[in-house]
């Protein structure tokens, strides 16, 4: 058949792009416009092969082969088929399993059935050499595409390069049409009024009972960073120095009491099971129980539109997920006084809203597979994104018209 097919090893394409643009192969260091990337692949394949495109196959790994947000966006695009292998963690590194075998099987099957005249391979793995040779034996022209190497050398198997009928390089100019390095500065958005309460609480000394408990469990998680509400990264101390909800509830007379923050500024690591207030602790504000949930504010038509947006637009970054949820909640409020009430409850999100927020975030593959709970670092980021959007919206509504 006189048409072309593109087989993409996403691990190679995006990893090499990250190395080129961000200096390291971590895909978390780049942001990808998948629509622009797919369109670019299609146009270039049709131009170089002089054949119309039949289909783009996107091969990638995913934990337990569960589609991630980018996979859900890709598989609803026209002429795109997503094939997922497993993604496993070993010695602190993620590794794809079954992706090369799936690419090999697809390549040989397409060539055997004469489904195309030209195949474009975007990969660097020498394991595909037998499949490439088999395709050539069936009369298929094989085009091998490489991502420009960060060090100027090959980032592909030399055997693949030698066996390909044609080889092209996707240079930096082409790559940056759809991929860019993430800036370490955080989200570009209007600067809200800084809210230092969380940092102040986390920096306060623990009571003696909590320190004793912490000393008995030295093998705790290291310090992590999370986006702060002003867009920069806020360092979260190691577990030994971070008061738990129980510690915060029992703190009396410590330095934490000298910090000027609301009495309700109590952090809750996981509030989707409801609040558990310790003796002497201040409970939720009375207005919290009447705070509407997003589900109550959403119509059936809006629910359908939200699902479409989640699939096609929302990237699944924890901070972004919190912002999207807050934006929808604010936009659908009929009683605008609720927004002011919510702002005064910072940093404590009403548990019924917070639980709904975490359940929404779980749709984007943010669960830690060990216990089906969202990672604590991601919880910080989700809630930081939520409060950032609430801050921006509150500030906007306070600005009088015409100013």
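The values are calculated or read from the model by the stated rules, or taken from the named source; none is laboratory data. Nothing here was measured: the structure is a model prediction, and the numbers come from that model. For neighbour counting, all protein chains shown are included, and Cβ atoms are generated from backbone atoms with ideal geometry for every residue, glycine included.
Would you tally the residues in segment 306-344 being modelled with pLDDT under 85 and either out of contact with any helix residue (DSSP H, G or I) (no Cβ under 9 Å at 6 or more places or on another chain) or assigned to a loop (DSSP other than H, G, I, E, B) (or both)? Qualifying residue count, segment 306-344: 7. Close contacts from segment 37-66, counting a first residue that is in a loop (DSSP other than H, G, I, E, B) and a second that is surrounded by 19 or more Cβ atoms within 10 Å (Cβ to Cβ), with Cβ to Cβ under 7 Å and a gap of 6+ residues or different chains, come to 51/4; 51/118.
Hey, does segment 277-286 have a residue that's within 30 Å of residue 28 (Cα to Cα), in contact with a helix residue (DSSP H, G or I) (Cβ under 8 Å, 6 or more places away or on another chain) and modelled with pLDDT under 80? No - not one qualifying residue is present in segment 277-286. Search segment 292-304 for residues being assigned to a helix (DSSP H, G or I) and surrounded by 13 or more Cβ atoms within 10 Å (Cβ to Cβ), and hand back the single one that is modelled with the lowest pLDDT. Looking at residues that are assigned to a helix (DSSP H, G or I) and surrounded by 13 or more Cβ atoms within 10 Å (Cβ to Cβ), I get 302. Scanning segment 68-97 for residues that are modelled with pLDDT under 85, surrounded by fewer than 16 Cβ atoms within 10 Å (Cβ to Cβ) and either part of a loop (DSSP other than H, G, I, E, B) or in contact with a helix residue (DSSP H, G or I) (Cβ under 7 Å, 6 or more places away or on another chain) (or both) gives 91, 92. The C-beta contact set for segment 345-357 (first residue surrounded by fewer than 21 Cβ atoms within 10 Å (Cβ to Cβ), second residue in a helix (DSSP H, G or I), distance under 7 angstrom, 6+ apart or interchain) comprises 345/288; 346/387; 347/197; 347/198; 347/387; 356/294; 356/295. Among residues of segment 115-131 that are at positive phi and surrounded by 23 or more Cβ atoms within 10 Å (Cβ to Cβ), none has a beta-carbon under 8 Å from a residue that is at pLDDT below 95 and in a loop (DSSP other than H, G, I, E, B) at least six positions away or on a different chain.
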